[in-house]
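**Student:** I have a structure I would like to understand better, so I am pasting it below and will then ask my questions one at a time.
Only the coordinates and a few stated rules stand behind these numbers; no lab work does. These numbers come from a predicted model, not from an experiment. FYI the Cβ positions are ideal-geometry reconstructions off the backbone, even for glycines, and counts take in every protein chain you see.
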Amino acid sequence: MKKYIMKRVAISVVTLLVILLILFLMLEFMPGSPFNDEKLTETQRAILNAKYGLDQPLMARFFNYIRAMLSGDFGVSYTISKNTPITALLETRLPISLRIGGQAILIGTIIGLILGIIAAIKHNTIYDTITTFISVLGVSLPSYVFAMALIYFLGFRLKWFPLLYQMQAPVYSSIMPTISLCMFTIATVARFTRTEMLEVLGSDYMLLAESKGLNSFRLIFKHALRNALIPIITVLAPLVVGLMTGSLVIEKLFSIPGIGSLLVSAIQSNDYNVVVALTFIYSIMYIGIMLVVDILYGVIDPRIRLAKGNDHE
């Protein structure tokens, strides 16, 4: 297991470095400059480029960038909040996006698993039909449609929740955004759970276990669900990163000061340091989640760990 984990970690590190190189080169060759103010003279622009190290050779800028990123120094904002450390911008925004996204993932996964298991056990019944309807609805309608419906009915008409996010009431005002974001997760997890559970429950070894008199609870949760988890985890991994790094539309609708809106503002204003810092965070989170998924594969099904180990021998 240790050898398997070390290989996955090594692959993750190499992948991150490649991603950072590509992102750095893309930003370097993008048109425009972080100093697009027409009032600036060429001399003033040259001074600013020298101040922030933008006049150095390409390779020197790249290695300085790698060194700074690995030390946690993301630099300062060029235009969004001039000379403000980017870590200060992230300290207030990142926890909000992570918390709301984490809530959506947790609630969506639990509800989706429950619905999927019930639909598989009660196949071709009213419960199966309801789950299928919820899955189709959740996948078909964008999250902002649910958000606008919640804003109108629960916020405007019934006045149960505040229409906009409030820093003084973070949990209470994040209920509607969380529900809006978790609908797609509920639908996706329920659909895959139902499909995989039906396939596992109809397999020969499950029929054999049932004939041996194993109780239903142990049969479903210890055997059937465990064998169905790998495809579910695979489809869930990208959803985790997407939700925990902020949904721009939901953040705009509820005026949530998260990192999604910060990224768009940084791109529009050519604030390169902020863009690079956020893409670095996105890459770290995505690669980290995929590393966890790889390790979970080996824990859930040791055959995967052994097969991958044999492939490299």
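**Student:** I need 283, 71 ordered by Cβ neighbour count within 10 Å, fewest first. Intermediate values should be presented prior to the final figure.
**Tutor:** Values: 283 19, 71 8.
Ranking 283, 71 by Cβ neighbours within 10 Å, fewest first, gives 71, 283.
**Student:** Can I ask one more? In the neighborhood of residue 147, defined by Cβ-to-Cβ distances under 12 Å, what is the net charge if each Lys or Arg adds +1 and each Asp or Glu adds -1? Numbers along the way, then the final one.
**Tutor:** On the way: positive: 252; negative: 251.
Value of the local net charge: 0.
**Student:** Taking the range 104-173, which chymotrypsin sites (Phe, Trp or Tyr not before Pro) meet the DSSP loop condition and have no more than 15 other C-beta atoms within 10 Å? Present the calculation step by step, with values, prior to reporting the outcome.
**Tutor:** Numbers: sites: 127, 133, 144, 146, 152, 153, 156, 160, 165, 172; in loops: 160, 165.
Loop-located and lightly packed - 160.
**Student:** 5 Å is the cut-off here: which amide hydrogens, built 1.01 Å from N in the peptide plane, fall below it relative to residue 76, excluding neighbours closer than 5 in sequence?
**Tutor:** 86
**Student:** Still on this model: Mind checking the full-extension length gain between residue 126 and residue 144? Use 0.36 nm per residue of separation minus the Cα-Cα distance, one decimal, nm. Walk me through the numbers before you get to the answer.
**Tutor:** Working: separation 18, 0.36 × 18 = 6.48 nm, distance 2.85 nm.
Extending this stretch completely gives an extra 3.6 nm.
**Student:** Here's another thing I want to ask about it. Quick one: dipole size for the range 45-123, taken about the Cα centre, charges +1 on Lys/Arg Cβ and -1 on Asp/Glu Cβ, in debye to the nearest 20. Mind dumping the intermediate values first?
**Tutor:** Details: 8 positive and 3 negative charges, 24 e Å.
The dipole of the range 45-123 has a size of about 120 debye.
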